[in-house]
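Report on the structure given below.
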Amino acid sequence: MKYLTQFLHFDCPAFFSGKILQVVGCKQWADYGSKDIVGSKIIAVIVEDKTPYRVKDGEQASNIFEKISIKVPNKTLNIAPGTVVELVNPTGTVYGDYRNQLSIRAEDVKVAQPAKA
């Protein structure tokens, strides 16, 4: 069957529940084709993951220290590395041959804890 991925839903609030995201980089987000600046791209790492995952007996699951790229359209952001952030109205799409890649967009990124000097 074709086009099945159009009907998959990624539950961002459930996925980000119990997680703390810390910024490791921030840059402009350019459109691939036109090279026009369309927003900001935040690179964050999951520094805490208390999300309950359904796993098989004996398995442990965590996404701690995984990097996440967050695209924020129509915003120019400058967030310092080390800043803890929360996402405003995130949406996600799972993709890839093994459905193990995640694309995240958010309306905005809110500073939860400034970077320590």
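The values are calculated or read from the model by the stated rules, or taken from the named source; none is laboratory data. These figures come from a predicted structure and were not determined experimentally. Every residue, glycine among them, receives a Cβ derived from its backbone with ideal geometry; neighbour counts consider all protein chains shown. Areas reflect the complete protein model, heavy atoms only, side chains present, ligands, DNA and RNA absent. Shrake-Rupley method; radii C 1.70, N 1.55, O 1.52, S 1.80 Å.
Accessible surface computed residue by residue for the chain, with neighbouring protein chains in place and a 1.4 Å probe, gives 74 Å² per residue. Sorting 97-103, 40-46 by their mean Cβ neighbour count within 10 Å, with the most densely packed peptide first, gives 40-46, 97-103. Under the criterion of Cα pairs below 8 Å and six or more residues apart, the relative contact order for the chain equals 26 percent. Report note on the peptides 31-37, 90-96: ranked by the mean count of other C-beta atoms within 10 Å, highest first, their order is 90-96, 31-37.
In this structure, the amide hydrogen of A30, modeled 1.01 Å from its nitrogen in the peptide plane, lies closer than 5 angstrom to those of V38, counting only residues at least 5 positions away or on a different chain. What separates the Cα centres of region 1-31 and region 47-117 is a distance of 7 Å. Using a 1.4 Å probe on the protein chains only, how many percent of the accessible area of the chain belongs to carbon and sulfur? Looking at the chain in its full context, I get 50 percent from C and S.
For the chain, what does the helix formula give at 222 nm: sum of -39500 (n - 2.57) over DSSP H segments with n ≥ 4, over the residue count, nearest 500 deg cm²/dmol? It comes out at -1000 deg cm²/dmol, rounded to the nearest 500.
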